[in-house]
Amino acid sequence: MQHDKRTPKPLIIILALLQGVALTVLYRSNEYGFWPGTDPVWLTSLVTFSISFPLLTFLCVSQANWRRTLLFIVPFSALLALLGAYVGLQQKPVDLFNNWQVLATFIATGLIAAFKALMYCQQYISQNAITYARLFKLSWRNFLIFGLSWLFTLIFWGILHLGAGLFSALGIEFFSDLLEEDWFVIPALNLAFGFAIIVFRNIQATIDNIASLLKTTVKFLLPILTLVSLSFLATLLYTGLQPLWETGSGTLLLMWLLALTLFFINTVYQDEAHQRPYGIVLHRIILIGVACLPIYSLIAAYGLWLRVEQYGWSVDRCWAVLIWAILSCFTWGYLFGIVKHRDNWLEMLSRVNVTMGIVVLLAMLLVNSPLLNFQHIAAQSQLARLQSGELSFDQFDFYYFEHSLGRQGYLRIQQLKQELDANEYAKRQILEDLYQPYTGPDHENQSLDDFLTYVRVWPSESSIPSDLLKAIYTEYSEERWRSYRDSHFYLVEQDLNSDQVADYVLINESSHHISAELWLPGENGWYATSMNTENPKEINTLLEAFSAEDISVVEPQWQHLQIGEVLFQVRSE
């Protein structure tokens, strides 16, 4: 039965308009502080549904299939919205941290999941057998239509701004003012995007030709990449793995090689199993290259294991292991096909790719759920290293917890605070200093007394010149790009040059970085000069040592050599 595949233009335009209205309301609720903008759980969930449902509908609905389309897209969009609610929960308490990483991850993985689901939805709607060749064609068609529609929308927006600028030159500001109104901007862009979808869906043959051009280009690059891969593997037999690890990014390079090779293979080999795009010689070379990919997978696994064993789990390492697992499943699946079918291994390729497409879809959904929360895994791992004694309190990366682990880091720190003894004052103070409500660079409300609450002084505040404190306060309160409330300061009085005159060192502990300045009196008042900081043990906080008064002056191991006006200093290793 031949279905009517015509694009339902009125439906898409009406849905784009409704989407624009919904997003405008949600934007205003966030800007002006009313529900659901005050609750990140509801806001993230509703924004997710308002974007995903219309977008997926735009890309696959037709005159004849709209009922089957809704049967698939509505539940999937609802699932994404539910995951969005969980992602929104990771923003709480909203006044203590900004967990932008989990939002960025949700946007990226949500898009991947949506496009994966869209391919299978389109296959379901067409009621045809699911094949990799068909999935590949649909994936690139959807991607190009989506990308070109965004490009159209950006050009449309640029033209509006150009017109507003031209009228402004004539003294007519109406159009410039209109482009600053959210009630106009958001619906206008949504309508432009919906119109672009209609245009590009009606020229699908041209879109498919662009994808064919990509395939032709990759067809010439795959043999080159395979030769590079085989040559590198042969070289490893002589050099060993040590030079690779010494680069500091050996595992990343191997995973890029795996990902790029798999992408090229799946771009070139998408037709029937008996069709070969290369002659027998190139076909065999590529077959050998594919058979060797699991070796790279094993080497990458060893590199990842070394990092996790040495440093524990982090969010980045969790992602690296997940990506490695997905790539490895492809490579081992292809190897199984080669062992079983030899030259006809492409019979296995389609089955592996169709199955792994579903695996990737599920993985992209699970990473935004409680079942695979990488921030939770990282927080638990790092806290376990602290509690087991692998890390001392002053080596523990509290900045990473506060700025990269969001709600999960916050909950684990609260748990740690409850486990501390009452007499562990220094440790408790470190934890109390974390997760303070962010006020931003609110310079109007800053005062010297407020600034001094962030400064710890040794040996006593009474010995510090008052004009020095004012000079330090003036410098840091005038930094317009940030607030001194993001830092911890230590002001130390010591005679560093043995001239029987006190010197003053200000240590700034902020943003996972410890720096120091030597403050000296001058003709125009106090001024600061930077000091080098050596931190071989990667100490992250000085509070415990400072509270224990573990402060001393150390003579340099090497004196300086001066010849004329030229000074030579020995660098510390």
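Apply the Karplus curve 6.51 cos²θ - 1.76 cosθ + 1.60, θ = phi - 60°, to the phi angles in the stretch 140-149 and return the couplings in whole Hz, x for Gly and Pro.
Taking θ as phi minus 60°, the curve returns 6, 4, 5, 5, 5, 4, 4, x, 5, 5 Hz for the stretch 140-149.
Taking R0 as 30 Å, what FRET efficiency do you get between Ala426 and Ser530 from their Cβ-Cβ distance, rounded to the nearest 0.05?
0.65
With the alpha-carbon atoms as the only input, what is the per residue convex hull volume for the stretch 337-388 in Å³?
110
How far is the Cα center of the stretch 112-189 from the Cα center of the stretch 234-288, in Å?
35
Take every Cα-Cα distance within the chain, group them into 20 Å bins from 0 onward, and report for each bin the whole-number percent of pairs it holds.
15, 38, 34, 13, 1
Tell me the trypsin sites (Lys or Arg not before Pro) within the stretch 300-404 that lie in a loop according to DSSP and have at most 10 other beta-carbon atoms within 10 Å. Could the numbers behind the result be given before it?
Values: sites: Arg307, Arg317, Lys340, Arg342, Arg351, Arg385; in loops: none.
Sparse-neighbourhood loop trypsin sites (Lys or Arg not before Pro): none present.
Over the C-alpha atoms of the stretch 374-432, what are the Rg and the largest Cα-to-Cα span, Dmax, in Å?
Rg then Dmax for the stretch 374-432, in Å: 10.8, 34.
Starting from the Kirkwood radius over alpha-carbon pairs of the stretch 263-367, derive D by Stokes-Einstein at 20 °C in a medium of 1.002 mPa s and give it in µm² s⁻¹. Mind showing how you got there, number by number?
Numbers: Rh = 15.1 Å.
Estimated diffusion coefficient is 142 µm²/s.
Contour minus end-to-end for Glu309 and Ile288, with contour as 0.36 nm per residue of separation and end-to-end as the Cα-Cα distance?
That works out to 4.3 nm of additional length.
What distance in nm separates the simple spin-label points at Leu178 and Lys219, each placed 7 Å from Cα in the Cβ direction?
5.0
Once amide H atoms are built 1.01 Å from N in the peptide plane, which residues 5 or more positions from Arg456, or in another chain, come under 5 Å H to H?
Here the answer is Phe489, Tyr490, Leu491, since their amide H atoms fall under 5 Å of that of Arg456.
Angle between the Cα long axis of helix 280-311 and the longest principal axis of the chain, 0 to 90 degrees, nearest 10?
The answer is roughly 30 degrees.
Given only helices, namely DSSP H runs of n ≥ 4 each adding -39500 (n - 2.57), what is the per-residue ellipticity at 222 nm of the chain, to the nearest 500 deg cm²/dmol?
-21500 deg cm²/dmol
Cα axis of helix 204-239 to longest principal axis of the chain: angle in degrees, 0 to 90, nearest 10?
60
For the stretch 118-209, what are Rg and Dmax over the alpha carbons, in angstrom?
In Å, with Rg to one decimal and Dmax whole: 18.5, 62.
Using the C-alpha gyration tensor of the stretch 180-320, what are the square roots of 5 times its eigenvalues, in whole angstrom, with the largest one first?
Gyration-tensor ellipsoid for the stretch 180-320: 38, 28, 11 Å.
To test your reading of the geometry: what angle, between 0 and 90 degrees and rounded to tens, separates the Cα axis of helix 315-341 from the longest principal axis of the chain?
That works out to roughly 30 degrees.
List the residues, sorted by chain then number, that are 5 or more residues from Asp503 or on another chain and whose placed amide H is less than 5 Å from its amide H.
Here Gln494, Asp495, Leu496 satisfy the definition.
Would you mind estimating how fast the stretch 170-222 diffuses translationally, via Stokes-Einstein at 4 °C and 1.567 mPa s with the Kirkwood radius over Cα pairs, in µm²/s?
Numbers: Rh = 14.5 Å.
Translational diffusion coefficient: 89 µm²/s.
How much length would be gained if the chain were fully extended between Ile326 and Leu236, taking 0.36 nm per residue of separation minus their Cα-Cα distance, in nm to one decimal? Walk me through the intermediate numbers first.
Values: separation 90, 0.36 × 90 = 32.40 nm, distance 2.40 nm.
Full extension from Ile326 to Leu236 adds 30.0 nm.
Return, ordered by residue number, the residues of the stretch 524-563 whose backbone nitrogen is under 18 Å from a label point located 7 Å along Cα→Cβ of Val501.
Output list for this probe position: 524-530.
Under 1.5 on a/c is rounded, so check that first for the stretch 443-568, then, if it is not, pick prolate when a/b is larger than b/c and oblate when it is not; a ≥ b ≥ c are the square roots of the alpha carbon gyration tensor eigenvalues.
Since a/c reaches 1.5 and a/b is larger than b/c, the shape of the stretch 443-568 is classed as prolate.
Evaluate E = 1/(1 + (r/R0)^6) for Trp157 and Gln127, where r is the Cβ-Cβ distance and R0 equals 45 Å; express this FRET efficiency to the nearest 0.05.
Calculated transfer efficiency: 0.70.
Sketch the reach of a paramagnetic label on Ile210 as a point 7 Å from Cα along Cα-to-Cβ, and name the residues of the stretch 128-148 whose backbone nitrogen lies under 15 Å away.
Inside the label zone: 137-148.
Relative contact order (percent) for the chain, with alpha-carbon contacts under 8 angstrom and 6 or more residues of separation?
Normalised by residue count, the contact order of the chain is 12 percent.
Run the quick spin-label model on Lys537 and Trp100: label points 7 Å from Cα toward the beta carbon, then report their separation in nm to one decimal.
Modelled inter-label distance: 3.4 nm.
Could you calculate the contour length gain from Leu170 to Gln395, that is, 0.36 nm times the residue separation minus the distance between their Cα atoms, to one decimal place in nm?
Full-extension gain reported as 74.7 nm.
I need Asp503, Asp550 ordered by Cβ neighbour count within 10 Å, fewest first.
Asp550, Asp503
Each value in this text was obtained by applying a stated rule to the coordinates, not by laboratory testing. Just so it is clear, the structure is predicted and the values come from calculations on it, not from any experiment. Cβ coordinates were reconstructed from backbone atoms using ideal geometry, including for glycine residues, and neighbour counts include every protein chain displayed.
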